[in-house]
Amino acid sequence: ALQAAMADQGLVIGWHRLIAPLVEQGELVRFTDLVVPAPGEYYLSHSTTREMSSSAKVLRE
């Protein structure tokens, strides 16, 4: 999506830490001053019929 936006093929919505450097370098131009705060929570969902992978267990903990 970022590459398409930088190639003048549309708009992109992204996290500030990813978009800001591209705006500063002139690769992207802000379309609006609208800012939407990122959610402060994350959720891990998994199947109750299968064992959770070791990687998922590490993430959960």
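For this structure, a couple of remarks:
- Contour minus Cα-Cα distance for Ala20 and Ser54 (0.36 nm per residue): 8.7 nm
- Dipole magnitude of the chain about its Cα centre (Cβ charges: Lys, Arg +1; Asp, Glu -1), debye to nearest 20: 260
- What a 1.4 Å probe finds exposed on the chain is 55% carbon and sulfur by accessible area, rounded to a whole percent.
- Surface analysis of the chain yields an accessible area of 99 Å² per residue, using protein heavy atoms and a 1.4 Å probe.
- A Förster distance of 30 Å, applied to the separation of the beta-carbon atoms of Phe31 and Glu61, puts the FRET efficiency at 0.15.
- Among Ser47, Ala4, Leu22 - extreme Cα towards positive end, dipole of the chain, charges at beta-carbon: Ser47
- Relative to the current alpha-carbon distance between Leu44 and Ile13, full extension at 0.36 nm per residue lengthens the span by 8.8 nm.
- Cα gyration tensor, the chain - rounded (a/c under 1.5), prolate or oblate: prolate
The values are calculated or read from the model by the stated rules, or taken from the named source; none is laboratory data. Just so you know, these numbers come straight off a predicted model, no measurement behind them. Every residue, glycine as well, gets a Cβ built from its backbone with ideal geometry; the counts of neighbours run over all protein chains shown. Accessible surface areas use protein heavy atoms only, side chains included; no ligands, DNA or RNA. Shrake-Rupley method; radii C 1.70, N 1.55, O 1.52, S 1.80 Å.
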